[in-house]
Amino acid sequence: MFPTALTVVLVLLVILAIVAVSMTVKIVPQARAGIVERFGKYRATLPAGLNIVMPFVDKVRYMIDTREQVVSFPPQPVITEDNLTVSIDTVIYFQVTDPVSATYEIANYIQAIEQLTMTTLRNIIGGMSLEHALTSRDQINSGLRGELDGATGKWGIRVNRVELKGIDPPPSISDAMEKQMRAERDKRAAILTAEGERQSAILSAEGSKQASILTAEGEKQAQILNAQADRQASILRAQGEGQAIQTVFQAIHDGNPDQKLLAYQYLQTLPKIAQGENASTWIVPAELTKALGSIGGAIGTVPVDGGGSKKRVDMEAPVVEETEDDAGTQEAVEAALEAAKDAEGPGATPKSRPAPDAE
């Protein structure tokens with residue numbers, strides 16, 4: 001069954017109504033702006049949300065993104081003040097603040113920003129040396145942003161930030177700079193090593209100095225103590241010798257020795273004569289009795305009581321260390337020696353008993 005003419009007309013009207021509604025209602029996404037033209041002329045800017053336009057008359061020509069955008073430009077060759085070519089790539093952060101100006105004031109604002117960035121960058125880098133350019137990125141960024149923001153303001157675009165991604169000098173310059181930096185690091189390392197050795201030498205010298213001072217102080221104290229010990233030992237030896245002399249002297253006078261004792265002592269002394277290194281030969285007299293008699297006559301009669309010291313020496317008493325009476329000890333020793341000489345001299349007249357005749 002073929003449709004009637006009325007049915008066809010109704011279908012066409014429905015389709016036309018749907019098309020009209022779709023052309024009338026426009027939905028603009030968030031952070032977008034729609035540019036509406038009527039018969040090729042700007043009419044209005046549609047905000048985000050639901051908008052109504054005149055169908056078949058008004059047309060949304062452009063949809064402008066009002067968010068901040070990031071554009072990275074490829075590396076561009078730039079000549080520095082010292083005639084060195086470096087490659088610089090940049091990153092631009094910008095935002096469309098006026099969609100109408102961005103649409104009708106410039107045909108392609110992205111390309112315009114790129115070209116403006118390159119020309120401005122050449123002007124700035126051209127007045128700097130390579131070392132200055134490598135160490136002045138903040139200065140370059142600030143100058144480039146100011147120039148771009150001033151030039152793109154009439155296009156309804158605000159440049160928020162400009163960053164230099166990299167500044168690449170030629171390979172030969174890079175090698176030379178690397179060698180220079182290596183030399184600087186070697187120099188600093190050598191300086192630090194020398195400083196360390198200097199400090200080590202100073203500390204070692206200070207340590208040696210302190211050690212020498214302490215050693216000298218120790219030797220001084222040791223010498224003082226040794227001297228004091230020698231002094232005490234000499235005093236004790238002198239006291240011991242004095243007491244020994246007194247003891248021997250007293251024993252001689254208490255024993256009343258005679259010629260036989262002297263002969264016996266002579267016989268005991270004779271073997272000791274042969275003990276010397278040079279006494280390889282010695283002769284015993286044939287008339288030993290006459291020799292002993294002549295020795296006794298030469299010595300004289302041994303007194304029974306020589307009139308010497310009667311002081312009894314306590315053999316068990318310890319030797320007392322006296323450091324204050326050195327002069328008294330020396331005088332006692334000298335007195336004992338003088339008394340012994342007087343008793344044994346030929347002019348002595350002590351009481352004695354006659355010696356028996358030698359057999």
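The values are calculated or read from the model by the stated rules, or taken from the named source; none is laboratory data. As the structure is a prediction and not an experimental result, all values here were calculated from the model. Counting neighbours? That spans all protein chains shown, and the Cβs are built from the backbone with ideal geometry, glycine included.
Quick notes on this one:
- Test: ALA190 is touching a Ser or Thr at 6+ places or on another chain (Cβ under 9 Å), outside the structural domain of ARG61 (by TED's automatic domain parsing) and in a helix (DSSP H, G or I): no
Every residue, every condition in (1) modelled with pLDDT of 90 or more; (2) closer than 30 Å to GLU163 by Cβ, yes or no:
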| position | (1), (2) |
| --- | --- |
| ILE15 | no, no |
| TYR42 | yes, no |
| PRO47 | yes, no |
| VAL57 | no, no |
| THR90 | yes, yes |
| GLN95 | yes, yes |
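- Those residues of region 152-175 which are farther than 27 Å from LEU130 by Cα and either without any contact (Cβ under 8 Å) to a residue 40 or more places away in the chain or of a type in the set (Ser, Thr, Tyr) (or both), in sequence order: THR152, GLY153
Residues checked against (1) assigned by TED's automatic domain parsing to the domain that holds GLU105; (2) surrounded by 13 or more Cβ atoms within 10 Å (Cβ to Cβ); (3) in contact with a Pro (Cβ under 8 Å, 6 or more places away or on another chain); (4) on the phi > 0 side of the Ramachandran plot:
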residue	(1), (2), (3), (4)
THR152	yes, yes, no, no
VAL159	yes, yes, no, no
LYS165	yes, no, no, no
MET177	no, yes, yes, no
ARG185	no, no, no, no
SER212	no, no, no, no
GLU219	no, no, no, no
GLN223	no, no, no, no
PHE249	no, yes, no, no
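- Output for region 1-59, where each listed residue is aromatic (Phe, Trp, Tyr), surrounded by fewer than 10 Cβ atoms within 10 Å (Cβ to Cβ) and closer than 22 Å to SER101 by Cβ: PHE39
- Remark: pairs (first residue in region 124-150, without any contact (Cβ under 8 Å) to a residue 12 or more places away in the chain; second residue hydrophobic (A, V, I, L, M, F, W, C) and surrounded by 16 or more Cβ atoms within 10 Å (Cβ to Cβ); Cβ separation under 8 Å; 6+ apart in sequence or on different chains) = SER136/MET128; ASP149/VAL159.
- Complete set of residues in region 208-245 that are of a type in the set (Val, Ile, Thr) and touching a residue at least 40 places away in the same chain (Cβ under 8 Å): ILE235, ILE245
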